[in-house]
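*Asks:* Okay, handing you the structure first.
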Amino acid sequence: MVAVFAQASGNVFLSKGMKSIFATPMAEGLSLSTALQAAGSPSIWLGIVLSILFFILFMTALSWADLSLVLPGISAEVIVNVAFANYFLMEPVSPARWAGTLFVAIGVILVLRSGRKPDKLCRMEKKPPDRPCR
Amino acid sequence: MKTAILLAIIVLADSAGDVLLTRGMKQVGEVTTIALKPLLRILRKAARNRNVVMALFFMAIYFFGFLALLSWADLSLAFPATTLVYVVSTLGAKFILKETVTLERWAGILLVCLGVALTSLP
């Protein structure tokens with residue numbers, strides 16, 4: 001959950017930073033001066049720090065759970081991204097994007113539900129109570 | 001053709017990165033603390049793990065490949081195509097990491113793919 005919010009906030013700050021740089025008349029295309037401008041932008045730095053935080057949390061989650069659970073799970077970031085882009089960056093969100101967000105939400109719920117399956121199977125196997133499955 | 005080849009490289013590199021990072025972190029061990037000192041020790045252990053280092057290498061290939069792709073292809077084409085990573089990584093998780101991927105999880109992953117692709121359309 002923290003990883004999802006860190007990644008989404010990181011994207012917002014990176015997007016905000018890059019847009020403010022490209023909005024200035026100096027910046028035309030990717031050049032050294034643009035890169036230097038980016039390096040001086042607090043939004044960019046905050047975005048980079050949040051992206052690093054996301055990666056560390058992603059690694060932590062992978063140390064606990066399956067890749068096939070964590071990878072789709074962090075795509076909940078898309079939902080937060082669309083909401084943040086709409087709310088903080090005032091970007092218009094098309095019906096197709098809202099529909100996509102809904103699909104992601106249903107997909108993430110299905111994936112997270114499937115993560116509970118081993119417990120259920122475990123209970124069905126009637127393991128002795130002193131030896132929990134997980 | 002150039003786009004298709006680069007897309008394949010990007011998807012395979014990202015999936016390889018995900019699979020190797022998972023294998024590496026399972027070898028490093030579960031992160032069970034939020035105290036700074038043990039966390040730094042785990043981070044050092046992760047940085048010395050061959051799988052984690054190789055994962056970072058593949059993720060760098062993905063990152064620069066994606067940047068190169070964006071230099072000529074539209075983001076509305078490039079980004080939906082990269083959602084194939086979810087499918088390829090899950091196949092890697094199933095066949096290389098021997099994870100159990102249920103039908104429900106597959107359905108969820110395919111919905112996520114479709115959803116992410118839709119959100120990146122203009």
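Only the coordinates and a few stated rules stand behind these numbers; no lab work does. Computed from a prediction, not measured in an experiment: that's the story for all the values here. Note that each Cβ is placed from the backbone with ideal geometry, even for glycine, and that neighbours are counted across all protein chains shown.
*Asks:* Within segment B:85-116, how many residues are closer than 16 Å to residue A:105 by Cβ and more than 7 Å from chain A (Cβ to nearest Cβ)?
*Replies:* 2
*Asks:* To continue, here is another question. Considering only helices (runs of 4 or more DSSP H) fully contained in segment B:29-122, which possess at least 3 residues that are touching a residue at least 60 places away in the same chain (Cβ under 8 Å) and crowded, with 17+ Cβ neighbours inside 10 Å? Show your work before the answer.
*Replies:* Details: elements: B:36-48, B:50-70, B:75-82, B:84-95, B:103-119.
Of the helices (runs of 4 or more DSSP H) lying wholly inside segment B:29-122, those with at least 3 residues that are touching a residue at least 60 places away in the same chain (Cβ under 8 Å) and crowded, with 17+ Cβ neighbours inside 10 Å span B:75-82, B:84-95.
*Asks:* Okay, moving on. Return yes when residue B:24 is in contact with a Gly (Cβ under 6 Å, 6 or more places away or on another chain) and surrounded by 22 or more Cβ atoms within 10 Å (Cβ to Cβ) and no when it is not.
*Replies:* When the stated conditions are applied, residue B:24 does not pass them.
*Asks:* Tally the residues that are among the β-branched types (Val, Ile, Thr) and at the interface with chain B (Cβ under 7 Å from one of its Cβ atoms), restricting the search to segment A:70-87. Write out each step before concluding.
*Replies:* Of segment A:70-87, the ones among the β-branched types (Val, Ile, Thr) are A:70, A:74, A:78-80, A:82.
Okay, now just the ones that are also at the interface with chain B (Cβ under 7 Å from one of its Cβ atoms), so A:78, A:82.
Residues meeting the conditions: 2.
*Asks:* Another one. If a residue must be out of contact with any Lys or Arg (no Cβ under 9 Å at 6 or more places or on another chain), surrounded by 19 or more Cβ atoms within 10 Å (Cβ to Cβ) and more than 7 Å from chain B (Cβ to nearest Cβ), how many such residues does segment A:59-69 contain?
*Replies:* 1
*Asks:* Restricting to segment B:47-90, name every residue that is more than 25 Å from residue B:106 (Cβ to Cβ), small (Gly, Ala, Ser) and in contact with a helix residue (DSSP H, G or I) (Cβ under 9 Å, 6 or more places away or on another chain).
*Replies:* Result: B:47, B:60, B:65, B:68, B:73.
*Asks:* If you go through segment A:79-118 one residue at a time, how many are hydroxyl-bearing (Ser, Thr, Tyr), in a helix (DSSP H, G or I) and within 19 Å of residue B:79 (Cα to Cα)? Full working, then the answer.
*Replies:* So in segment A:79-118, the residues hydroxyl-bearing (Ser, Thr, Tyr) come out as A:87, A:94, A:101, A:114.
Narrowing the set further to residues that are in a helix (DSSP H, G or I) leaves A:87, A:101, A:114.
Next cut, within 19 Å of residue B:79 (Cα to Cα) only: A:101.
Of the residues in segment A:79-118, 1 are hydroxyl-bearing (Ser, Thr, Tyr), in a helix (DSSP H, G or I) and within 19 Å of residue B:79 (Cα to Cα).
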